[in-house]
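Trainee: Structure below; questions to follow.
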Amino acid sequence: MANLDELSAAQIAAGVVAGAFSAVEVALASLDAIAAREGEVQALLEVSEELALAAAEATDAARAAGEKLGPLAGVPVAFKDNMQLIGTRTTCASRMLENYRSVFTATCVQRMLDAGATPIAKTNMDEFAFGSSTESSAFHPTHNPWDVTRVPGGSSGGSAAAVAAGEVSLALGSDTGGSIRQPASLCGVVGLKPTYGTVSRYGVVAFGSSLDQVGPFGRRVADVALAMNALTGAGRDPYDSTSQDCSVDHLTRLEDPIEGCRVGIVPALMEAPGLAPEVRAALDGACRVLEGQGARLVEVDLPNIASSIAAYYVIGPCEAFSNLARFDGTRYGYQEPGCADLATQTALSRAHGFGEEAKRRQLLGAYLLSSGVYDTYYLPAQKVRTLITADYVAAFERCDVLLMPDSPRTAWCFGEISDPTEMYAADMFTISSNIAGNGAISVPLGLGAVSGLPVSAQLQAPAFRDRRLLAFARALERGVDAGRGLGNGAPVAPAFAGRGGEL
Ligand code: GLN
């Protein structure tokens, strides 16, 4: 019998539909993999065993009744803990919401369930999605499955690690400034930030509403495409006013040839100070893979991209400050006991409910939005946003996709980056597509020549060209599978492969 981590999401669904194994057997294999691996990885905040078995039993019963099963029938899926799922807590990895039980189910979660997926777990994250290492979780850090002395990236580090460790086949994350792509990069899995508006955020706790986007993690590009079909197939969500109808079949263009297509390279990004030579070497390998399939490289410029970090760390905190005002201990969240008056209760609830990084972001936002300061920072940041968006429009007149790094380096050790601004600076490659809104994907390139840890390439496409993005990602994956480029393409961390999860 196969191990769960050897099968793609499509193979699992096909096996369940064909009766090769039952959805309950798949759920048990996932729970078994969790039992074997979770002690070291700690990717999860809650294992929803009862929900999982009930959903799997319902899938098996539907099959027995001759009903048509969904495209994710029996596929084990985990959800970032900022997504509501009835029957679980939604903590955002914060003391503030430690006891908050989901009161409804987020649209993105519901759509995965409607496609037949089995809800296995909620995943760890940086508190309220502020961070790049999952170290700011109030509960525990998550460990990188490739080397448990290292971080998995963040803020969706639990989702990336759960998929990389083979605990689940798919996971959902959210990406405000790179929180899907960067942990995907550090954990060696595929992570897609779709175009802003593609996937509903209804039921996802907001960080920066003009930047947030939900997207899937998988071990293979086709798995991510399959998840996108589930997330978008029912059209726009009336409960998220930014939601668009993106109900195309994301699998149909996956194997499209890329011959004659133009891949844009931004020299300033490829030569960015701080970009590790092994990451640069892997990206050069990725360029050769795409050229080998007939694509043409063109140099393009994104002249204002150097200002993206500054703009993001103004706009993001301002929106976060506004969104997180609701957690005041009265309407939502931890309530400090025994306070004499409301002002004290609010102040102490927030002081004790939020961790250090969450407070830093909100204080920053409060300051930046205060009168007098607003004109100096917030307004120019919005102007920079317009300039960066225009840069992309100009760049995509000259190329079909952009290829660039995700993370300047491979996974680092716990505590290695303690200065928050150093952590912020490492977001330099991912933030611009949240600012402009276009889709972006992180594609594993195998293991770096120096660190032996996962390295990746980031591809970006014009807004609402996410199918094109997936086709180029698949072209890269084909090259990596064939042993060209840098990596060995191993889909699962060797330390965990085959341990638990027998089907
Ligand atoms: N690392 C970025 C930050 O800390 C991105 C976070 C995210 O995308 N949620 O803001």
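The values are calculated or read from the model by the stated rules, or taken from the named source; none is laboratory data. The structure displayed is predicted, hence computed values, not measured ones. Every residue, glycine among them, receives a Cβ derived from its backbone with ideal geometry; neighbour counts consider all protein chains shown.
Trainee: Return only the number of the condition from (1) without any contact (Cβ under 8 Å) to a residue 60 or more places away in the chain; (2) in contact with a Pro (Cβ under 9 Å, 6 or more places away or on another chain); (3) on the phi < 0 side of the Ramachandran plot that residue 294 does not satisfy.
Mentor: Failing condition for residue 294: (3).
Trainee: Somewhere in region 144-152, is a residue within 15 Å of the ligand (Cβ to nearest atom) and buried (at least 24 other Cβ atoms within 10 Å of the Cβ)?
Mentor: Yes - at least one qualifying residue is present in region 144-152.
Trainee: Suppose the filter is within 23 Å of residue 226 (Cα to Cα) and either of a type in the set (Gly, Ala, Ser) or surrounded by 24 or more Cβ atoms within 10 Å (Cβ to Cβ) (or both); does residue 440 pass it?
Mentor: Yes: the conditions hold for residue 440.
Trainee: Now for a separate question. Take region 300-352 and flag every residue that is among the charged types (D, E, K, R) and away from the ligand (no atom under 16 Å from the Cβ).
Mentor: 301, 326, 328, 331, 336, 341, 350
Trainee: Quick test of your reading of the structure: residue 273 fulfils all but one of (1) at pLDDT below 95; (2) in a helix (DSSP H, G or I). Name the failing condition by number.
Mentor: (2)
Trainee: Still on this structure: Since residue 475 meets every condition but one in (1) within 16 Å of the ligand (Cβ to nearest atom); (2) within 30 Å of residue 197 (Cα to Cα); (3) of a type outside the set (Lys, Arg), which condition does it not meet?
Mentor: Single failed check for residue 475: (1).
Trainee: Search region 352-378 for residues that are at negative phi and among the acidic types (Asp, Glu) and pair each with any residue that is modelled with pLDDT of 95 or more and within 15 Å of the ligand (Cβ to nearest atom) when their beta-carbon atoms are under 8 Å apart and the residues are at least 6 apart or on different chains.
Mentor: 356/136; 357/126; 357/127; 357/130; 357/131; 357/136
Trainee: Among (1) of a type outside the set (Val, Ile, Thr); (2) within 16 Å of the ligand (Cβ to nearest atom); (3) surrounded by 20 or more Cβ atoms within 10 Å (Cβ to Cβ), where does residue 425 come up short?
Mentor: Unmet for residue 425, out of (1) of a type outside the set (Val, Ile, Thr); (2) within 16 Å of the ligand (Cβ to nearest atom); (3) surrounded by 20 or more Cβ atoms within 10 Å (Cβ to Cβ): (3).
Trainee: Criterion first (outside any strand (DSSP E or B), within 15 Å of the ligand (Cβ to nearest atom), over 11 Å from the mean Cα position of the chain (by Cα) and of a type outside the set (A, V, I, L, M, F, W, C)) does residue 183 satisfy it?
Mentor: Working: outside any strand (DSSP E or B): yes; within 15 Å of the ligand (Cβ to nearest atom): yes; over 11 Å from the mean Cα position of the chain (by Cα): no; of a type outside the set (A, V, I, L, M, F, W, C): yes.
In short, no.
Trainee: Would you say residue 409 is within 16 Å of the ligand (Cβ to nearest atom), among the basic types (Lys, Arg), within 19 Å of residue 268 (Cβ to Cβ) and surrounded by fewer than 24 Cβ atoms within 10 Å (Cβ to Cβ)?
Mentor: yes
Trainee: What are the residues in region 287-301 that are closer than 19 Å to residue 469 by Cβ and modelled with pLDDT of 95 or more, if any?
Mentor: 287, 290, 291, 293, 294, 295, 296, 297, 298, 300 - these are the residues of region 287-301 that are closer than 19 Å to residue 469 by Cβ and modelled with pLDDT of 95 or more.
Trainee: Please go through region 194-211 and pick out each residue that is surrounded by 24 or more Cβ atoms within 10 Å (Cβ to Cβ), within 16 Å of the ligand (Cβ to nearest atom) and closer than 19 Å to residue 81 by Cβ.
Mentor: 199, 201, 204, 205, 207
To keep it simple, each residue is scored yes or no on (1) acidic (Asp, Glu); (2) within 11 Å of the ligand (Cβ to nearest atom); (3) in a loop (DSSP other than H, G, I, E, B).
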residue	(1), (2), (3)
125	no, yes, yes
137	no, no, yes
141	no, no, yes
160	no, no, no
168	no, no, yes
